[in-house]
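S.K.: Questions regarding the structure given below will be posed in turn.
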Amino acid sequence: MPTLLLLILFIFVPSAHAEPDLLSFADSLAAEEDYYRAITEYKRFLHSTPNDYQAAYAQLAIAKSLIAGQRWIQADLALEKVWIIYPDSNEAETAKRLHAEAAYNRGDFEAARSRYETLKNNSLIGANRAAHYKIGLSQLQQNMPEEARSSFSKLPASLNQKLSLSLDEYQQLTQKSPQLAGSLSAILPGAGQLYTERPRQAGMAFALNAAFIYGAVEAWDNENYAIAGILSLFEIGWYGGNIYNAMNNAHKYNRRQQDQFLQDFQQRFGLSLGWQQGHPQLQALFNF
C-alpha cells in the first residue's frame, strides 16, 4: 500500500504545478530584443489560449516585434489582424496608430499620410490632432513646406503659429543650385565643388583634370598619339565625373540642411500620440 501511494504521488504531483507563463516569457524575450524568439512564444500563447483576454495584447506584441526587426510587410499584416480580430479592444486603436507610424518610420511617406488620414476620422481629439501633425511632418520630409503649412493650420492656433514660424525658417534655408554647381565645374573643374563647400574635392578635381590634360597635350606634342588618345579618354571620364560630382554635392548639401532642420524641428515640437489608461492623449514638448 505505501508503495502504491508513492507511485500515485510520483505520477500526479508534476501535473499539479502551474503551466509556465508563456506571455511573461515572451515579454522577457522582447525586452531583451530577442524579437524572433519572442514572436514564436507569442504565437505559442495564441495557439494554446486563443480566447484568452490577453490575446489582443499578444497579437499586438507580435506586430511590435516585427516592427523592431524591420520586417515591414509582416508587421503590417500583423497589425491589421489586431483590429480585424479584436475590433473592440484598446489594442485595435494602438495598432492603427502603429500602422501609420511604421510607414512613416520606414520612409514611405505617401502610405503614412494615407494611414494618418484614417486616424483623422477618429472621433478622439488626440488622434485627430496628432494625425494632422504627422501628415504635415511627412510633407516636410518630402520638401513640401506649403502642403505642410496647410496640414499644420488644422492644429490649435497657438501651436500652428509656432509651427508656421519654423516653416518660414525652413523656406529661408541656404540652398545650393545643382545646375550652377555643374556649370561651374564644366567651366573650371573643381569650381562646383568649391561652390558646394567641398574644398578638398575641389583641389583633387582640379589637379586630376589638369594632370590628364597636361599629359595628353605633352603626348600629342611628342607624337605619342596612342598615349594621347588614352589620356584623353581618361580625361573625358574625369571631366564628366567632376561635373556629376559637383551636382551631387549640391543635392547632398541641400539634404543635409533639410535633415538638420527636421531634426531640430522635431526636438522643438515633440508632438506625438500617446496612450493613458487606454485612451489617446496628445503629448507635446516645446523647447525654445
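Every number here is computed from the coordinates shown, using simple stated rules; none is lab data. What you see is a predicted model; the values in this text were computed from it and never measured. Using ideal geometry, Cβ is built from the backbone for each residue, glycine included, and neighbour counts are taken over all protein chains shown.
S.K.: Tell me the trypsin sites (Lys or Arg not before Pro) within segment 128-208 that lie in a loop according to DSSP and have at most 13 other beta-carbon atoms within 10 Å.
M.R.: For trypsin sites (Lys or Arg not before Pro) across segment 128-208 that sit outside H, G, I, E and B with at most 13 neighbouring Cβ atoms in 10 Å, the list is empty.
S.K.: When Lys and Arg each count +1 and Asp and Glu each count -1, what net charge do the other residues less than 12 Å away from Asp34, Cβ to Cβ, add up to?
M.R.: Values: positive: Arg37; negative: Asp27, Glu32, Glu33, Glu41.
Surrounding charge for Asp34 is -3.
S.K.: How long is segment 200-266 along each principal axis, judged by its Cα atoms, biggest number first, in Å?
M.R.: Rounded to whole Å, the extents work out to 64, 17, 9 Å.
S.K.: Quickly work out the Ser164-to-Gln54 label distance, labels modelled 7 Å from Cα along the C-beta direction, and quote it in nm with one decimal.
M.R.: It is 5.0 nm.
S.K.: How high is the relative contact order of segment 79-218, given as a whole-number percent (alpha carbon pairs under 8 Å, six or more residues apart)?
M.R.: Relative contact order, segment 79-218: 10 percent.
S.K.: Quick check: net charge around Val217, other residues with Cβ under 14 Å of its Cβ, Lys/Arg +1 and Asp/Glu -1? Provide the component values of the computation, followed by the final result.
M.R.: On the way: positive: none; negative: Glu218, Asp221, Glu223, Glu235.
In short, -4.
S.K.: Taking the alpha-carbon distance from Lys176 and a cut-off under 16 Å, which aspartates and glutamates remain once sequence neighbours fewer than 8 residues away in the same chain are dropped?
M.R.: Straight-distance partners of Lys176: Glu197, Asp259.
S.K.: Express the C-alpha Rg of segment 21-98 as a ratio against the empirical globular expectation 2.2 N^0.38 Å, rounded to two decimals.
M.R.: 0.98
S.K.: Using θ = phi - 60° and the Karplus relation 6.51 cos²θ - 1.76 cosθ + 1.60, list the HN-Hα couplings for segment 131-147 in order, rounded to whole Hz, with x at every Gly or Pro.
M.R.: Karplus values, whole Hz, x for Gly and Pro: 5, 4, 5, 5, 4, x, 5, 5, 5, 5, 4, 9, 6, 10, x, 5, 5.
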